[in-house]
Amino acid sequence: MHTGEQYHQFMLASRRDRVVRDRFQKMALELLPEGADVLDFGAGTGIDAKAYAANGHLTFVHEPSAAMCEYLAQYCRDEIARKTIIAVASPLTCKVQAVTANFAVLNHFADHTALFEELSRVVQQGGFVLASMLNPYYLGDARYGWWRANVMNLMRSGRYAIASESRIHRFAPHVVARAAAPHFRLERRIPRGFGWAVHLYMFLLFRRV
Ligand SMILES: C[S@@+](CC[C@H](N)C(=O)[O-])C[C@H]1O[C@@H](n2cnc3c(N)ncnc32)[C@H](O)[C@@H]1O
């Protein structure tokens, strides 16, 4: 099990993860109106939160893991002291233009219906939820028995979970979109075309309707 600091160092040292994070942050920052408030849901050690705050966005962070929170408090101590990053025990305590959930936070949920209902009370109309989730079609996983064993589940139900990866679920985008309706509309899915075979993560952008 990673401590917050181990997770943090690992993520910053991994070139592949840094590239994915840069793309995600760039997309979030391009979508965010100037000065808009954001909630980083499942914020981990605060890597994205620090970047959003540095770009002038008041950033709320929600993170259930004590180890992650502890390191976030250290890594973002200046922003927390200046109140440009604010930790919240429940998303419902803030009202924001956008919610971000980077690096598979939503894969910890077996179903997203209740989550999107909750987020509909957090995100202002016209705002968005941007999530990066494990891509269930990623061919790099096809070398694993669990992937091949779940291909039929994926085709039939658009979802599967792996017993050895406790509480990690994989979803086709349309399954998450169904859970997000009627509060959110799936506006963009990335990658496109052949990208679905070669990218470990997919980005899903949901617009609050
Ligand atoms: C792979 S980490 C990603 C952390 C961070 N978003 C990042 O970009 O580094 C997944 C995070 O999801 C959080 N998480 C797990 N279950 C959650 C839940 N039910 N609600 C919110 N966050 C959750 C974990 O505590 C963990 O920090």
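A short reminder: the numbers here are calculations on the coordinates, not readings from a lab. Treat the numbers as computed from the prediction; the structure is a model and nothing was measured. Cβ placement follows ideal geometry from the backbone for every residue including glycine, while neighbour counts extend to all protein chains displayed.
Could you tell me whether any residue of segment 11-27 is in a loop (DSSP other than H, G, I, E, B) and among the aliphatic types (A, V, I, L, M)? Quick ask: steps written out before the conclusion?
Our first condition is that a residue be in a loop (DSSP other than H, G, I, E, B); within segment 11-27, this holds for 14.
Retained after the next criterion (residues that are among the aliphatic types (A, V, I, L, M)): none.
Within segment 11-27, not a single residue is in a loop (DSSP other than H, G, I, E, B) and among the aliphatic types (A, V, I, L, M).
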Of residues in segment 124-172 being within 15 Å of Ile190 (Cα to Cα) and more than 16 Å from the chain's Cα centre (by Cα), the one surrounded by the most Cβ atoms within 10 Å (Cβ to Cβ): Tyr137
Selection from segment 65-80 of residues that are surrounded by fewer than 17 Cβ atoms within 10 Å (Cβ to Cβ) and either of a type in the set (Asp, Glu) or out of contact with any helix residue (DSSP H, G or I) (no Cβ under 9 Å at 6 or more places or on another chain) (or both): Glu70, Arg77, Asp78
Residue match in segment 9-17 (condition: on the phi < 0 side of the Ramachandran plot, charged (D, E, K, R) and touching a helix residue (DSSP H, G or I) at 6+ places or on another chain (Cβ under 7 Å)): yes
Among the residues listed as Gly35, Gly42, Gly46, the single one being more than 9 Å from the ligand (Cβ to nearest atom) and not aliphatic (A, V, I, L, M): Gly35
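Could you tell me whether Leu72 is within 16 Å of the ligand (Cβ to nearest atom), in contact with a Gly (Cβ under 9 Å, 6 or more places away or on another chain) and either among the basic types (Lys, Arg) or in contact (Cβ under 8 Å) with a residue 12 or more places away in the chain (or both)?
Numbers: within 16 Å of the ligand (Cβ to nearest atom): yes; in contact with a Gly (Cβ under 9 Å, 6 or more places away or on another chain): yes; either among the basic types (Lys, Arg) or in contact (Cβ under 8 Å) with a residue 12 or more places away in the chain (or both): yes.
In short, yes.
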Residue list for segment 50-69, filter: near the ligand (Cβ under 9 Å from one of its atoms) and in contact with a Cys (Cβ under 9 Å, 6 or more places away or on another chain): His62, Glu63
Pick from segment 28-49, criterion assigned to a helix (DSSP H, G or I) and in contact with a Ser or Thr (Cβ under 7 Å, 6 or more places away or on another chain), ranking: nearest to Ala104 (Cα to Cα): Asp48
Candidate set from segment 81-91 (those that are outside any loop (DSSP other than H, G, I, E, B) and surrounded by 13 or more Cβ atoms within 10 Å (Cβ to Cβ)); member that is nearest to the ligand (Cβ to nearest atom): Pro91
Lone unmet requirement of (1) buried (at least 17 other Cβ atoms within 10 Å of the Cβ); (2) over 17 Å from the mean Cα position of the chain (by Cα); (3) of a type in the set (Gly, Ala, Ser) for Ala28: (2)
Residues of segment 2-32 that turn out to be within 12 Å of the ligand (Cβ to nearest atom) and of a type in the set (Lys, Arg), as a count: 2
